[in-house]
Amino acid sequence: MKLSKLLNNTNIKYENDIEISGISINSKEVKENYLFVAIKGYIRDGHDYIKEAFNNGASVVIVDDERLDEFKDLGYVLSTKNTREICSIIACNYYDNPSKDFTLIGITGTKGKTSTSYMIKNILMNSGKKVGMISTVASYINDTKISDNDRTTPEPFTLQKTFDLMRKENCEYVVMEVSSQSLKLSRVDHSFFDIGLFLNLSDEHVSKNEHESKEDYFLCKARLFDMVKIGFVNIDDDYGKWLIEEKTCDFITVSMSEITDLSISNRYTSFKTNINNEEWDVYVPILGKFSVFNALFSIKVCNYLGIDKNSIIEGLKESIIPGRSELVDNKLGLTIMIDYAHNTKSLESILIGLKSISKGKVITVFGCAGDRDNSKRKEMGRLSGILSDYTIITSDNPGMEDPMNICLEIEAGIKEITNNYEIVIDRENAIKKAVKIANKDDIILLAGKGHENYQIVGEEKIPFSEKDIIKGLNEEALYK
């Protein structure tokens, strides 16, 4: 592809209209005749890898205007005011705007994005549609995984490449999670969204490395509704009400007031709702009141898309979401749930739900990630002290922080409430301890990691699967 086509609709001035064979923001991925865009991130700065990009074969590099003089003698170097903002344009140009060729559904909100994505995907598949999905967990075409994902919303070059593959595979619909960071950092700019969902908003992600305030956090999420044709909005949330007042797209509202006969057991959630002036009986194999909202959003979106009632109800019955209220079979016959709850609101929500259905104790194993806002740690400790019968504080992606220091910050909250806790730094040993003290009527909650199959310690990502640990447990293994 000619450089001129890649830079169409940008403000970048160039002289030599050379042929470009690929695009990347990762210098290690650069090959002969690639275009490399240097992006400054929170931890690494792409400008530090420009020499490596040229050594690997880059034909042209794009840098921030203020850095041009540093690199202009290294090769063919162009500049723009903000390299991050033009990445989406370049990506859409390179892949010829693939999102124009399917119905794109974007889901934003603090909680429930992944669960709702899976539910909508399952319903659409159940009705015979071919569906792409891009989530925090992975990207799929129907049930075929095409990649594991290490962030909620990919960078533009990866995103548009994924869209292009989904187009080539004739996907009719693509469902994707849209994080506030992706909207703030222009990752989804110039994509053609048809439908947007606003699920909720809480204080998570308000920190020096993410959003300076809750208002900033919300305003970033709200950008999605400048890009969609129709929005589905939770009007039980004050920010959802604000969206409807301030944005000009069409809206369909969603509220718990539309739910009747709610029933939650230790294996499923059921409820009734009225759709098209007809009462629907709905069953979801996920525990908790929060799953009802996700299911109701999924019902309304798929009904809007013309999917029949039976396909919607049957699709929800099969909606098992990795790491989201996921019950894991085990040889010990215990009720063990894995959930991604890693902030105050989500931990509170799931513990309230489990406490209401447990015939025995609720035993919670959790920690807090390092290198993030630490203000939530004490409060999460307090919550677990109030809502759990016993808590085991442990490690959860400590990163560059000392795991014990993180645990002590959590302990500061729980010890104000109860003495029914302990600290077990090693997460596998913490899981084993929970299993040792549990009986058949108890529920063990492993909170925080969910679908993750790794632990981040220092800068290293170490393989770690809670699900594999649980499935491998037996009486003999517990006491080795």
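Please indicate, with yes or no, whether at least one residue in segment 64-76 is crowded, with 19+ Cβ neighbours inside 10 Å and either β-branched (Val, Ile, Thr) or in contact (Cβ under 8 Å) with a residue 40 or more places away in the chain (or both). No.
The single condition among (1) among the polar types (S, T, N, Q); (2) in a helix (DSSP H, G or I); (3) farther than 17 Å from Ser356 by Cα that Asn274 does not meet is (2). Could you list, in sequence order, all residues of segment 329-355 that are surrounded by fewer than 18 Cβ atoms within 10 Å (Cβ to Cβ) and in contact with a strand residue (DSSP E or B) (Cβ under 6 Å, 6 or more places away or on another chain)? Scanning segment 329-355 gives a single hit, Lys355.
From the list Ser59, Ser88, pick out the single residue that is of a type outside the set (D, E, K, R), surrounded by 20 or more Cβ atoms within 10 Å (Cβ to Cβ) and in contact with a helix residue (DSSP H, G or I) (Cβ under 6 Å, 6 or more places away or on another chain).
Values: Ser59 fails: in contact with a helix residue (DSSP H, G or I) (Cβ under 6 Å, 6 or more places away or on another chain).
Result of the check over Ser59, Ser88: Ser88.
Inspection of segment 208-231 finds a residue satisfying the criterion of being modelled with pLDDT of 90 or more, aromatic (Phe, Trp, Tyr) and crowded, with 18+ Cβ neighbours inside 10 Å.
From the set of residues in segment 356-395 that are in a strand (DSSP E or B) and touching a residue at least 60 places away in the same chain (Cβ under 8 Å), which is surrounded by the fewest Cβ atoms within 10 Å (Cβ to Cβ)? Quick ask: steps written out before the conclusion?
The initial filter retains those residues of segment 356-395 that are in a strand (DSSP E or B), namely 362-366, 390-393.
Remaining after also requiring touching a residue at least 60 places away in the same chain (Cβ under 8 Å): 362-366.
Numbers: Val362: 23, Ile363: 26, Thr364: 29, Val365: 28, Phe366: 27.
Filtering segment 356-395 for residues that are in a strand (DSSP E or B) and touching a residue at least 60 places away in the same chain (Cβ under 8 Å), the one surrounded by the fewest Cβ atoms within 10 Å (Cβ to Cβ) comes out as Val362.
With respect to the conditions (1) modelled with pLDDT of 95 or more; (2) touching a Cys at 6+ places or on another chain (Cβ under 8 Å), Glu155 falls short on a single one, namely (1).
Among the residues making up segment 160-191, those that are out of contact with any Pro (no Cβ under 9 Å at 6 or more places or on another chain), under 22 Å from Tyr454 (Cβ atoms) and crowded, with 20+ Cβ neighbours inside 10 Å are Glu177, Ser179.
From the list Ser139, Ser147, Ser135, the one residue that fits, being in the same structural domain as Gly112 (by TED's automatic domain parsing) and surrounded by fewer than 21 Cβ atoms within 10 Å (Cβ to Cβ), is Ser147.
The values are calculated or read from the model by the stated rules, or taken from the named source; none is laboratory data. Remember, predicted model here, so these are calculated numbers, not experimental data. As a convention, Cβ positions derive from the backbone with ideal geometry for all residues, glycine included, and neighbour counts pool all protein chains shown.
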